[in-house]
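Everything below concerns the one structure shown next.
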Amino acid sequence: SILLLFNTDFFPLYFSPLDKADDDLEMTMVCHRPEGLDQLEAQTNFSKRELQVLYRGFKNECPSGVVNEDTFKQIYSQFFPHGDASTYAHYLFNAFDTGHTGSIKFEDFVTALSILLRGSVTEKLQWTFNLYDINRDGYINKEEMTDIVRAIYDMMGKYTYPVLKNDAPKQHVDAFFQKMDKNRDGVVTLDEFILSCQEDENIMRSLQLFENVI
């Protein structure tokens with residue numbers, strides 16, 4: 001389930017080429033005006049040119065300059081036509097919406113993308129932890145992890161292999177949660193989460209796969 005967070009199926013939507021006449025960010029026609037290039041370049045791991053490319057794709061999909069949850073679900077679901085991605089997209093939307101405003105601005109999108117693609121291992125795992133921490137109390141409990149894993153299975157639909165039994169998400173969570181809950185207190189802290197992920201070779205490899213996507 002953690003490996004799926006670093007799947008780039010969602011990201012190519014925003015990597016469309018720039019016309020020569022559109023080298024500068026065109027922000028005059030949108031309802032939300034993003035921060036300047038210099039500020040975003042300083043806050044992310046992207047160059048000005050990369051930010052221009054990202055913004056053009058973002059604006060093409062979201063002319064208003066912001067993405068609400070329904071639009072986010074529609075975009076994300078396009079990449080999982082054989083499953084139901086709505087629940088996972090809901091959790092992912094909340095992770096992108098760091099200001100809890102009910103919408104994702106370009107700054108929110110590009111900041112998260114910067115972490116997921118080019119952040120340090122700790123930054124990527126912190127972001128992932130926040131996704132799993134549904135109620136934002138600073139801990140992951142078994143119910144939260146089960147909700148995320150079940151949403152991932154629903155999203156994958158018939159392409160899950162081998163064919164999964166109804167209790168597969170629970171079995172997955174039981175095994176993984178036992179590994180993560182180092183002190184057996186029934187919750188996983190950020191430190192426990194990071195330590196457990198760093199001990200898993202598959203997860204560590206997945207964190208490095210898409211560092212040079214753009």
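The values are calculated or read from the model by the stated rules, or taken from the named source; none is laboratory data. Values in this document were obtained by computation on a predicted structure and should not be read as measured data. Methodologically, a virtual Cβ is constructed for each residue, glycine included, from the backbone with ideal geometry; neighbour enumeration extends over all protein chains shown. Surface areas here come from the heavy atoms of the whole protein model, side chains and all, with no ligands, DNA or RNA. Shrake-Rupley method; radii C 1.70, N 1.55, O 1.52, S 1.80 Å.
Annotations for the structure displayed:
- Taking region 108-126 as the range and being open to solvent by 20 Å² or more (accessible area, probe 1.4 Å) and in a helix (DSSP H, G or I) as the test, the residues that pass are D108, T111, I115, R118, V121, T122, E123, Q126.
- Test for E61: is it open to solvent by 10 Å² or more (accessible area, probe 1.4 Å), among the acidic types (D, E), modelled with pLDDT under 90 and out of contact with any Lys or Arg (no Cβ under 7 Å at 6 or more places or on another chain): yes
- Pairs with Cβ under 6 Å, 6+ apart, first in region 54-78 and charged (D, E, K, R), second crowded, with 17+ Cβ neighbours inside 10 Å and in a helix (DSSP H, G or I): E69/F93; K73/S86; K73/A89
- Failed condition for I134, given (1) within 25 Å of D174 (Cα to Cα); (2) within 15 Å of the chain's Cα centre (by Cα); (3) modelled with pLDDT under 95; (4) open to solvent by 20 Å² or more (accessible area, probe 1.4 Å): (3)
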